[in-house]
Amino acid sequence: MRQMEMSKVFTLMESGPVVLVTTHDGQKDNIMTISWTMVMDFTPVFALTTGAWNYSYAALRKHEECVIAIPTVDMLDTVVGIGTCSGADTDKFARFRLTPVPGKVVKAPLIRECFANIECKVIDIVKKHDIVVLEAVAAWIDPERKEQRMVHAVGDGTFIVDGRKFDRREMMASKLPPGV
Ligand SMILES: Cc1cc2nc3c(=O)[nH]c(=O)nc-3n(C[C@H](O)[C@H](O)[C@H](O)COP(=O)(O)O)c2cc1C
């Protein structure tokens, strides 16, 4: 995995892929699946909607850090599997044969099998709406990975995979931040 320039990290999340969020509670690592995400700033700042109904939430609140790991379409069954069992009774790294890799800044692990990994700090929790606001502090990408298509949840148990890309960079030049 290669470290990514922070100015480009928001582009990993802008299209709204389903992500895996890892946490470390002081003793063990865990992973949950999250499809409700939002980019809030280029810096980058992200929001997730999650709460105490998930086992991961206690670690996220207490340790105020996590990793957003971005899977690709070949990992779809793993992504759904992770999101339909709980770290309360399952070691998800072992069950889904994923490899935890130490990050540079946070204690939550990166997932080696994922296309990209974003180390994040929790900078706010908006309790009324169960929104967790994250600031990225480091990011990693695996440019050698053959499969790079991300997955997008429709919300009814079906998913859409990245397809054709259209270039409007020239038209959007006035709205694009430097370094993108
Ligand atoms: C495709 C998919 C998307 C999901 N998106 C969210 C989400 O946006 N927010 C959330 O709180 N839970 C979401 N979940 C549910 C959690 O991933 C699930 O409750 C998981 O078991 C939590 O793991 P934990 O209890 O080990 O923390 C999603 C599950 C799936 C399968």
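Values in this text are rule-based calculations from the coordinates and carry no lab data. For clarity, every value in this text was computed on a predicted model and none was experimentally measured. We place every Cβ from the backbone using ideal geometry, glycine too, and count neighbours over all the protein chains shown.
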Checking the structure you have, find out if any residue of the range 139-160 is part of a loop (DSSP other than H, G, I, E, B) and closer than 20 Å to residue 57 by Cβ. no
For the range 38-54, check the following and say yes or no: at least one residue is over 30 Å from residue 177 (Cβ atoms) and outside any loop (DSSP other than H, G, I, E, B). no
For residue 91, work out the one condition from (1) more than 13 Å from the ligand (Cβ to nearest atom); (2) surrounded by fewer than 19 Cβ atoms within 10 Å (Cβ to Cβ) it doesn't fulfil. (1)
Can you tell me which condition residue 104 does not meet? The list is (1) away from the ligand (no atom under 13 Å from the Cβ); (2) over 16 Å from residue 135 (Cα atoms); (3) among the charged types (D, E, K, R), and all the others hold. (2)
Considering only the range 1-47, how many residues are among the hydroxyl-bearing types (Ser, Thr, Tyr) and under 10 Å from the mean Cα position of the chain (by Cα)? 4
In the range 41-65, the residues that are more than 11 Å from the ligand (Cβ to nearest atom) and surrounded by 17 or more Cβ atoms within 10 Å (Cβ to Cβ): 42, 44, 45, 46, 63, 65
Might you check whether a residue that is over 17 Å from residue 100 (Cα atoms) and within 13 Å of the ligand (Cβ to nearest atom) occurs anywhere in the range 23-33? no
Whether any residue in the range 154-164 is loosely packed, with under 12 Cβ neighbours inside 10 Å, hydroxyl-bearing (Ser, Thr, Tyr) and touching a helix residue (DSSP H, G or I) at 6+ places or on another chain (Cβ under 8 Å) is what I want to check. no
Unique residue being away from the ligand (no atom under 12 Å from the Cβ), part of a loop (DSSP other than H, G, I, E, B) and of a type in the set (Gly, Ala, Ser) when the list is 7, 15, 86: 15
Going through the range 125-148 one residue at a time, which ones are more than 16 Å from the ligand (Cβ to nearest atom), among the charged types (D, E, K, R) and either on the phi > 0 side of the Ramachandran plot or exposed (fewer than 14 other Cβ atoms within 10 Å of the Cβ) (or both)? 144, 146, 147
From the residues in the range 74-83 that are more than 7 Å from the ligand (Cβ to nearest atom) and surrounded by fewer than 18 Cβ atoms within 10 Å (Cβ to Cβ), which one is nearest to residue 141 (Cα to Cα)? 74
